[in-house]
Structure formats: C-alpha cells, structure tokens
Amino acid sequence: NVIRARGEILERELEGDNREYAATIVDWSDDIIDLTEKVRSVLKTLSEDGMTEMHQRDLTDVLDAAADRARATSPECTVNNHVTDIDVAADELLEDVFGNLFLNAVEHGGDDVTIDVTASVGDVVVTVHIADDGPGIPHGQRRRVFERGEKGSESSGTGFGLYFVDSMVASYGGNIWIAESDAGGAEFVIELPRTG
C-alpha cells in the first residue's frame with residue numbers, strides 16, 4: 001500500500017514515459033494487493049477444512065487474462081492460446097496460477113519469447129500444455145523449481161511463484177510437471193479436474 005501511494009504521487013507529478021512507469025507501479029501494486037487478499041482467503045479456507053472451494057471456470061477466459069498480464073510485462077512476447085470451449089474446476093486464483101507460468105516463461109525465455117497453449121480433454125481431467133521457445137529447464141531441476149524459495153541464478157523473483165502454482169494445482173486435485181517443448185524450451189503440463 002505504501003508503494004502504491006508513492007506511485008500515485010509520482011504518476012500525478014511526472015510526465016511522458018516516467019508517468020507511464022509510475023502508472024505501471026500503481027497497476028502492479030493493485031495486482032499484488034489483490035493477490036495477497038486472495039491467498040489469505042484461500043489459506044484460511046485450507047486451514048479450516050483442508051479444501052479449496054471449487055467453481056466451474058472457463059479455461060479460455062482464464063488463459064486470455066493471464067496472457068494479457070504477460071503482454072503487459074513484455075509487449076514483444078507472443079502468446080498463442082489455442083484453447084476454446086473447455087471448463088475446469090478451480091477457484092478465483094486460477095488466473096494467477098497461469099499468470100505465474102506465463103511470467104516465468106517471459107522472465108527466463110526473454111522478452112520476445114513465444115508461448116503456445118493447447119489443451120486436451122479426457123474423461124475426468126483437462127490437460128493444459130504451456131510450451132515456450134526459451135532455453136528450457138534441465139531435467140534434473142524440473143521438480144526442484146516447484147520448491148518454496150527455489151529460483152534460478154538469474155531470476156529476479158522471490159522463488160514463490162512456481163511454489164504457489166504447484167500448491168494451488170494440488171489444492172484443485174490436479175497435477176503439474178515439466179517436459180521439453182517441441183521448440184526446445186520448457187513445457188509445463190497441468191492437469192485440472194474437468195467440469196461439464
């Protein structure tokens with residue numbers, strides 16, 4: 001909240017590109033405040049009864065919203081979402097789950113990374129594939145990147161993002177793992193419960 005308030009002051013007083021930078025600080029502060037409240041709510045729910053309250057979610061809308069966040073961070077990145085007319089069971093944090101995966105691809109794959117998103121529907125699960133053309137993740141590190149506090153040597157993050165993703169997918173009764181994409185980068189594979 002303090003960062004957001006200072007950003008608002010700068011946004012009012014600055015001009016040109018600097019005003020845009022300050023506006024970005026305000027927007028991202030809003031996102032962080034919103035995510036903090038959502039996580040607090042989910043943790044409270046999990047601690048009380050061990051379950052996440054699930055709803056039917058339109059996967060296309062969720063992925064489009066997450067892709068918009070990646071493009072806001074890096075306008076040069078390309079996100080191709082090939083997912084249509086699929087519903088999954090999850091909560092309101094699903095956008096943040098996929099948002100973290102897209103932002104991870106941008107951070108490690110470079111500003112001009114290309115991300116392809118596809119999905120297949122099984123009897124009880126939907127399998128989502130998020131594949132990029134970045135440098136990939138070595139086989140021996142693929143499980144470790146989901147550990148709390150784990151981050152790459154060049155990462156500017158906190159090591160919380162992929163831990164959060166893994167925890168939330170597990171709370172939905174799903175699963176996540178990493179493979180190599182056809183383009184030689186990383187491919188995150190996410191299984192989520194199917195609805196409908």
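The values are calculated or read from the model by the stated rules, or taken from the named source; none is laboratory data. Bear in mind the structure is a predicted one, so any value in this text is a computation, not a measurement. Quick reminder, even Gly has a Cβ in these numbers, built from the backbone with ideal geometry, and neighbours come from all protein chains shown. Just the protein is used for accessible areas: all its heavy atoms, side chains included, with ligands, DNA and RNA removed. Shrake-Rupley method; radii C 1.70, N 1.55, O 1.52, S 1.80 Å.
Points to keep in mind about this one:
- Accessible surface of the chain [probe 1.4 Å, protein heavy atoms]: carbon and sulfur percent: 48 percent
- The residues of the chain present an accessible area of 55 Å² per residue when probed at 1.4 Å with all protein chains retained.
- Database remark: amide H of residue 136 closer than 5 angstrom to the amide H of 186 (H placed geometrically; neighbours at sequence offset of 5 or more, or on other chains; Pro and chain starts carry no H).
- Multiplying the residue separation of residue 21 and residue 78 by 0.36 nm and subtracting their alpha-carbon distance yields 18.3 nm.
- Per-residue surface analysis assigns residue 3 an accessible area of about 120 Å², computed on protein heavy atoms at 1.4 Å probe radius.
- Computed extension length for residue 92-residue 142: 15.3 nm, one decimal, from 0.36 nm per residue of separation with the Cα-Cα distance subtracted.
- The candidates 168, 54, arranged from most to least accessible area with a 1.4 Å probe in the full protein assembly, appear as 54, 168.
- For region 81-95, the Karplus equation 6.51 cos²θ - 1.76 cosθ + 1.60, evaluated at θ = phi - 60°, returns couplings of 9, 9, 8, 9, 6, 10, 10, 10, 9, 6, 10, 6, 7, 4, 4 Hz by residue, with Gly and Pro reported as x.
- Heavy-atom accessible area ranking, 1.4 Å probe, most first, across 111, 166, 96: 111, 166, 96
- Global geometry of region 70-136, whether rounded, prolate or oblate, following the gyration tensor of its Cα atoms and the 1.5 cut on a/c: prolate
- Label zone at residue 30, where the point sits 7 Å out along the Cα-to-Cβ direction: region 77-98 residues whose backbone N lies under 17 Å: 96
- Heavy-atom accessible area order for 172, 163, largest first, 1.4 Å probe: 163, 172
- The label-point distance for residue 112 and residue 39, in a model that sets each label 7 Å from Cα toward Cβ, rounds to 3.4 nm.
- Think of it as helices only: each DSSP H run of n ≥ 4 in the chain is worth -39500 (n - 2.57), and spread over all residues that comes to -15000 deg cm²/dmol at 222 nm.
- Note on residue 195: accessible area is roughly 30 Å² with a 1.4 Å probe, heavy atoms of protein only.
- Rolling a 1.4 Å probe over the protein heavy atoms leaves residue 191 with an accessible area of roughly 50 Å².
- In Hz, Karplus ³J(HN,Hα) per residue of region 8-23 (6.51, -1.76, 1.60; θ = phi - 60°; x = Gly, Pro): 4, 4, 4, 4, 6, 9, 8, 10, x, 4, 4, 5, 4, 4, 5, 4
- Simple spin-label estimate for residue 13 and residue 180 in nanometres, 7 Å along Cα-Cβ: 5.3 nm
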